[in-house]
Amino acid sequence: MQVSAITKYIRMSPQKVRLVVDQVRGLSVARALDVLRMSNRSAALPVRKTLESAIANAENNEGADIDELSVEAAYVNVGPTLKRFRARAKGRGARILKRSSHITITVGDGRGED
């Protein structure tokens, strides 16, 4: 059984979020939550909320036992980029890219579909 949760349009660079997501991939959900709670990175909060949502989906929709769940897949996709500019010397403008991310976390109990 696999259950997933998706958080879209997080106003954070995918590169920064991937650093956090790579730490929890493959861990049990209890260990992954501990890692995310103790992390100093700002991306840990939206990743933790997405993981907690996936756990709640598994418990409420599939009746899964939380103690047996693990993070089977976790990845970050690129969201839309806001394009802004900042004034520079001699009347020029420099482009600023404000990136966003889509976080997907899949939890499962390690058993395949029957």
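Bear in mind these aren't lab numbers, they're just calculated from the coordinates by the rules spelled out. Note that the coordinates shown come from a computational prediction; the quantities given were computed from them, not determined experimentally. With ideal geometry, Cβ positions are generated from the backbone for all residues, glycine too; neighbour counts draw on all protein chains shown.
Lysine pair count for the chain (Cα-Cα distance under 18 Å; residues 8 or more apart in sequence or on different chains): 6. Of the residues Val29, Ser39, Gln15, the one whose Cα sits farthest toward the positive end of the charge dipole of the chain, with +1 on the Cβ of Lys and Arg and -1 on the Cβ of Asp and Glu, is Gln15. For the stretch 83-90, backbone phi angles converted through the Karplus equation (6.51, -1.76, 1.60; θ = phi - 60°) give residue-by-residue couplings of 9, 10, 9, 10, 5, 10, 5, 6 Hz, Gly and Pro being listed as x. Measuring how big the stretch 43-93 is from its alpha-carbon positions, Rg and Dmax come out at 20.0, 64 Å.
Only one item in (i) 1.31; (ii) 1.16; (iii) 1.09 matches Cα Rg over 2.2 N^0.38 Å derived from the coordinates shown, and that item is (i).
Along the axis of the charge dipole computed for the chain (Cβ charges of +1 for Lys and Arg, -1 for Asp and Glu, origin at the Cα centre), the listed residues Val76, Ser4, Ala56 are led at the positive end by Val76.
Using Cβ point charges alone (K and R +1, D and E -1), the dipole size of the chain about the Cα centre works out to roughly 2040 debye.
When you restrict to C-alpha pairs under 8 Å that are six or more residues apart and normalise by the size of the stretch 2-108, the relative contact order lands at 43 percent.
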